Every structure is written in C-alpha cells, then in structure tokens.
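A short write-up of the structure that comes next.
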Amino acid sequence: MSNTTIDIPGYEGRAVNIKQGQTFRVIDVEGCQIADMFVISSDDNSEYFSPALTKQVIFRTVAKPGDHIYSNRRRPMLTFQNDTSPGPHDMSFAPCDPGFYLDLGADESHPNCLNNFQQALGSLGLSIDPAPDPFNLFQNTAPKANGDFDVGVTLSQAGDYVEFKTEMDVIVVVSACSVDLEVDGVQALGGKSTPLQIQIL
C-alpha cells in the first residue's frame, strides 16, 4: 500500500483523519519551520490532546520518542516513535492568534495558527471552540531556570520529521506557523512561513 501525503503550504493548515494503529510523520519540507499539531478524537471531538495533562503524566516539559501523547481524559492518543530533527519541541504555547500579531505590531488579519486550525477543521465539517492547544513541533522556545523562555531560531533542516503511531482514531490538524516577525528580537522562522507535509505510512 502506498503512502498518503498531505501538502501544507506556508501560512496554512490541513486536517486529516487517521485510523488507530497507523503511523504518520510531520515533515519540515524546507527547514526552519514550526508545525502546530492538534490531535482530536474522531469518536468524540470533545476529547483532544492536552499538553498540560501530558506533561503531568510524562513529568517533563515536552514529549520525546517513547512517550505517549495524552488526551484531556488521560488516555493515550499517540505514541511518539521517532524524531530525525535536532529539536527542541514545545508544549507550552497556545496557537498564535490575531491578538498575538496585534501585540507584535502587525494587522489582525495576519495569518495565524488559530484561524488555520478552524479553517482546516471546517473543511471536514467540524468546529471546536475554544480550540485545544497544540504540540508545537520544531519550536525552539526552551524554558530557562528563571522561568523565562529562551526564544531561538528553529533548528530543523529540510526533510526532518517527527513520527507518531495512533492509539485511537484521530483527526490530526497541522498548521505551518506564521510567525514571520521578530519575537524577543529573534526571527524564529527566518522571516517567512514555509511548507510542511503530513505523511501517513
């Protein structure tokens, strides 16, 4: 059976249904691109990935290969299987939204991961409001000892991927993060949003 690939242009998001027991990858096509990944139960859309509960169960700030990714009902949704990127990844930040860009001095119409999530989910005839928080793949925002975040340039290279196995039927939504402005003086994406892919193996 051939693989299925979903292309995600820069500044946009896509949603896909993935059955229990399947393996999928989120691929950084050109490098230096953050991927906001949302995971929702196909059977009950009020069950979705919870970064806070996942951190409580695995007892670290971010998941790594070998860890489960947990729902807001404390059930494993995914198993994190492989990571070819240098990392790091983030499980602390909500998706960027219009207010985030207003705070940075941009217009509220700036592309953002919250709107991308809603539009991608809408393509499946679904809506979740408020939106759940994502797993921010390739996002280089490491916590410092004093509680601040150290914002860095995204370190993933072209073709780097993270790989997960589904532990239930899920909807996966991935948004190519749109932060093309400086945050704390750092251009995390190098000034533009670039393509991602979801590959179902």
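Worth a mention:
- Residues satisfying the stated conditions in the stretch 88-111, i.e. small (Gly, Ala, Ser) and either in contact with a Ser or Thr (Cβ under 8 Å, 6 or more places away or on another chain) or surrounded by 21 or more Cβ atoms within 10 Å (Cβ to Cβ) (or both): 92
- Looking only at the stretch 155-177, residues that are outside any strand (DSSP E or B) and either surrounded by fewer than 17 Cβ atoms within 10 Å (Cβ to Cβ) or modelled with pLDDT under 95 (or both) come to 4 in all.
A quick yes/no check of all residues on (1) at positive phi; (2) touching a residue at least 60 places away in the same chain (Cβ under 8 Å):
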| residue | (1), (2) |
| --- | --- |
| 18 | no, yes |
| 21 | yes, yes |
| 47 | no, no |
| 61 | no, yes |
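- Within the span defined as the stretch 88-96, one or more residues are under 19 Å from residue 142 (Cα atoms) and of a type in the set (Gly, Ala, Ser).
- Some residue of the stretch 136-144 being assigned to a loop (DSSP other than H, G, I, E, B), buried (at least 24 other Cβ atoms within 10 Å of the Cβ), modelled with pLDDT of 95 or more and not acidic (Asp, Glu): yes
- Residue that is farthest from residue 166 (Cα to Cα) [pool: residues in the stretch 13-24 that are buried (at least 19 other Cβ atoms within 10 Å of the Cβ) and not hydrophobic (A, V, I, L, M, F, W, C)]: 13
- Residue in the stretch 24-43 that is over 16 Å from the mean Cα position of the chain (by Cα), within 18 Å of residue 93 (Cβ to Cβ) and among the charged types (D, E, K, R) present: no
- Within the stretch 113-130, tally of residues that are in contact (Cβ under 8 Å) with a residue 40 or more places away in the chain, surrounded by 20 or more Cβ atoms within 10 Å (Cβ to Cβ) and within 19 Å of residue 52 (Cβ to Cβ): 2
- Of the residues 154, 166, 141, the single one that is in contact with an Asp or Glu (Cβ under 6 Å, 6 or more places away or on another chain) and β-branched (Val, Ile, Thr) is 141.
The values are calculated or read from the model by the stated rules, or taken from the named source; none is laboratory data. Just so it is clear, the model here is predicted, and its values are computed rather than measured. Glycine also receives a Cβ, built like all others from the backbone with ideal geometry; neighbour counts cover every protein chain displayed.
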